[in-house]
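A quick write-up on the structure given underneath.
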Amino acid sequence: MTERPAGEVLYRNQGRVVVVTGASGGIGNAIAIAFAKSGAQVISLDVIPTEQAGADIAFIHCDVSDPEDCKRAFQQVIESFGYVDVLVNNAAIQPSESYHPIHEVDEEVIERMTSVNLLGYLRMARLALPVMLEQEAGVIVNIASGQAHRTAREVGIYGPIKSANLMQTRQWAVEYARQGVRVVSVSPGAIDTPMVRATLAAQGGEKALANRHPLGRLGKADEVANAVLWLASEDAAFITGTD
């Protein structure tokens, strides 16, 4: 079988404006770089400057847990670039303090995770949708998780929140499909990212985590990014409301 050359661009996105939250590292960073290398103007909204790896990515500081910061950052996007074609809701946290039965997780941790992982998606969608509706075109990609579909011990906060991301996808898709806006989600399994590596011990170690997958290995952030590029492309124009 002929392998695709490393770094080959799968889709062309010249002229498209793509906003990615949580693009400083891991899956979000891979998504931002993939879109940038395919020709899109990419804006990273994060609290940490984004690793660019040779890609042209604009960075705007934004804490998605802060509604006013979201408004300020998104207004800066519109003032600078005029429109938004794709929003990738990716910013999420899974602190080690959350790996406990729910009665042992501090309220502050629960509130922070909810504000970033759930309300952060809602805040950014509420800002992007008026722009997309005016354009009569747009795509929102919500990054959910394999833990949205199946449970495990000690993920009683993260899993249900990620499951709610799936319902956000379905609801928004039904609401806006006939106005030109598609909404889809992606549920990565165990992907080799700094966030996953920081919590490997709580999940049984790398080998145990890899063995949960048919391929027997951790996934790669680039593999998730390629799926997102396809879902945001015209090749997926009939796909909405699904994970």
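The values are calculated or read from the model by the stated rules, or taken from the named source; none is laboratory data. Note that the structure is a prediction, hence the values are computed from the model and not measured. Cβ coordinates were reconstructed from backbone atoms using ideal geometry, including for glycine residues, and neighbour counts include every protein chain displayed. Note: areas computed on protein heavy atoms with side chains; ligands, DNA, RNA excluded. Shrake-Rupley method; radii C 1.70, N 1.55, O 1.52, S 1.80 Å.
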Charge dipole magnitude, Cβ of K and R +1, D and E -1 - the chain, Cα centre, debye nearest 20: 640
When each of LYS71/LYS162; LYS37/LYS71; LYS37/LYS220 is checked by Cα-Cα distance, pairs over 25 Å: LYS37/LYS71
Residue-by-residue Karplus 3J(HN,Hα) for the stretch 95-102, coefficients 6.51, -1.76, 1.60, Hz, glycine and proline x: x, 4, 5, 8, 7, 8, x, 4
Amide H contacts of GLY219 (H built 1.01 Å from N, under 5 Å, at least 5 apart or other chain): ALA190, ILE191, ASP192
Long-range HN-HN contacts of ASN13 with modeled amide H, under 5 Å: GLY39, ALA40
The chain, relative contact order in percent, only Cα pairs under 8 angstrom and at least six apart counted: 19
Computed lengthening from ARG72 to GLU134, 0.36 nm per intervening residue step minus Cα-Cα distance: 20.3 nm
Pairwise label distance in nanometres, TYR83 with ASP235, each label 7 Å out on the Cα-Cβ vector: 2.4
Mean separation of Cα contacts under 8 Å (6+ apart) over length of the stretch 20-151, as relative contact order %: 23
Within the accessible area of the stretch 7-148 (1.4 Å probe), percent carbon and sulfur: 50
Surface accessible to a 1.4 Å probe, per residue, for the residues of the stretch 59-149, Å²: 46
Förster radius 22 Å - calculated FRET efficiency between ALA227 and ASP192 (Cβ-Cβ, nearest 0.05): 0.90
Filtered trypsin sites (Lys or Arg not before Pro), the stretch 121-176: DSSP coil and at most 16 other beta carbons within 10 Å: ARG150, ARG153
Amide H partners (placed H, <5 Å) of ILE93, local residues excluded: ASN117
